[in-house]
Amino acid sequence: MVGDGETAAAPGEERARILHVIESLGRGGAEQALVSLVAAQVERGHEVGVVALSRPYDLAGPLERAGARVWPTGLRRGDLVRGTLAVRSAGRRLGADVVHAHLALAIVASELASITAKWDVVVTFHIAGYELFPAATKPQRARKAFEALLTRHLATRAVAVSTPVARHYEQHFRLPDGSVEVIPNPFPTDELDPARWPRNRELLHSFNLPDVFFILMPARFVAEKGHEVLLNAISILVADGRPVAALLAGDGPTRSGIDTAIQERGLTDVVKVTRALPRDEVLALMTAADVVVLPSRLEGLPLTVGEALLLARPVVATAVGGVPELIEDGVSGLLVPPGDPERLAAALAHVADDPVEAAARGTAARTRLATTLAADTIAARLDRIYGLPRRRQ
């Protein structure tokens, strides 16, 4: 059980059968991190399967090309009973040694499936904010208490992608202090070698943007990402007479509100919005950008920030969640408080005024993170996690 302190021998180079369970295979950070992890685990000789409990299945192809067996269940979102049965069926078909669950419903389904199985369950917590889940009614409070109970008694190990996320779930699930181990999301660091991504400023013209100081924010359109904070910061820069251009790339429920906010602020010639782009296009835009920005109110270990840093790009982000574990303020990027457009505008102006120093911070970030975030490094750390707990009898 989580925090019982008992260990078994590490698996070394043994071949393991690992079943990952995740809520869907959309293009979110946890899902894209899973593709990198699975590729590294297959490369290490493990047999890997993935169960996706509901649509979309955008990343099923990349996972299969990485060598995984993928089971897209086609279930209605939130169908816990059928989800549990799907995990149990896939685990038996794979002959799983360990089931590794990511995100809330996948964690619950995997823990319930383990009751009648012989495998261990490792859970990864990807984001804080558990207190934001509804708990206004007795059924909602009971469900949250049930989720915590399951993890305390059925998860053999718990992992979080950053220290704040680990401490958050230790508190909310009443897990022993220090029992949730911090292992960051994996990144394909070789693919993110800056030498593989030549800078192409012509990309700005395809979005009708002038070739001036270029701000890129690739993030889902949800309130916690802080798009309006960035718009307010850009308004400050424009009012100061600074020539800037910005591209917001993503999908999500707040998109229409952001379109309206751009018009209300008179920024239609400065800020453009586009749909969520294929990953290669996002990476190419990162190399073209003068700065990559993420002004979130809530994060775990954001994919956008990690990719931009590994590409040695200047980054300005808010000091939330695991972001300060990626960015050493003033050394490998710039950190600002959440919800503070004035501080964000000042940081962006600092990057614009000294591009040489900003480039040096990007290089420092790549040097600092290239090994620690490498997918094979993370896969090796998880090999140890998978081998730590004793098998339940």
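The values are calculated or read from the model by the stated rules, or taken from the named source; none is laboratory data. Please read these numbers as outputs of a predicted model, since none were measured by experiment. Methodologically, a virtual Cβ is constructed for each residue, glycine included, from the backbone with ideal geometry; neighbour enumeration extends over all protein chains shown.
Scanning the range 184-201 turns up no residue that is hydrophobic (A, V, I, L, M, F, W, C), under 15 Å from Pro295 (Cβ atoms), in contact with a strand residue (DSSP E or B) (Cβ under 9 Å, 6 or more places away or on another chain) and not in a helix (DSSP H, G or I).
Every residue, every condition in (1) assigned to a loop (DSSP other than H, G, I, E, B); (2) of a type in the set (Asp, Glu), yes or no:
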residue	(1), (2)
Leu75	yes, no
Gly78	yes, no
Val87	no, no
Ala101	no, no
Ala113	no, no
Glu131	no, yes
Pro139	no, no
Arg143	no, no
Gly178	yes, no
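From the list Ala289, Ala317, the one residue that fits, being buried (at least 24 other Cβ atoms within 10 Å of the Cβ), modelled with pLDDT of 95 or more and either farther than 16 Å from Gly226 by Cα or of a type in the set (Ser, Thr, Tyr) (or both), is Ala289.
Can you tell me which residue among Gln32, Gln41 is in contact (Cβ under 8 Å) with a residue 24 or more places away in the chain, in contact with a strand residue (DSSP E or B) (Cβ under 6 Å, 6 or more places away or on another chain) and not in a strand (DSSP E or B)? Can you show your working first?
Numbers: Gln32 fails: in contact with a strand residue (DSSP E or B) (Cβ under 6 Å, 6 or more places away or on another chain).
Sole residue among the options that is in contact (Cβ under 8 Å) with a residue 24 or more places away in the chain, in contact with a strand residue (DSSP E or B) (Cβ under 6 Å, 6 or more places away or on another chain) and not in a strand (DSSP E or B): Gln41.
Checking each residue in the range 119-155 for being basic (Lys, Arg) and loosely packed, with under 15 Cβ neighbours inside 10 Å picks out Lys138, Arg141.
Need the failing condition index for Ala148 against (1) modelled with pLDDT of 95 or more; (2) outside any helix (DSSP H, G or I), just the number. So Ala148 meets the others, but not (2). Listed here are the strands (runs of 3 or more DSSP E) enclosed by the range 282-382 that have at least 1 residues being without any contact (Cβ under 8 Å) to a residue 24 or more places away in the chain: 334-336.
The single condition among (1) buried (at least 17 other Cβ atoms within 10 Å of the Cβ); (2) at pLDDT 95 or above; (3) touching a strand residue (DSSP E or B) at 6+ places or on another chain (Cβ under 8 Å) that Leu103 does not satisfy is (2).
Checking the stated criteria, Leu75 turns out to be without any contact (Cβ under 8 Å) to a residue 24 or more places away in the chain and in contact with a Lys or Arg (Cβ under 7 Å, 6 or more places away or on another chain).
Test Thr274 against the stated conditions and say whether it is over 20 Å from the mean Cα position of the chain (by Cα), under 14 Å from Met217 (Cβ atoms) and of a type in the set (Ser, Thr, Tyr).
Details: over 20 Å from the mean Cα position of the chain (by Cα): yes; under 14 Å from Met217 (Cβ atoms): yes; of a type in the set (Ser, Thr, Tyr): yes.
So Thr274 passes the test.
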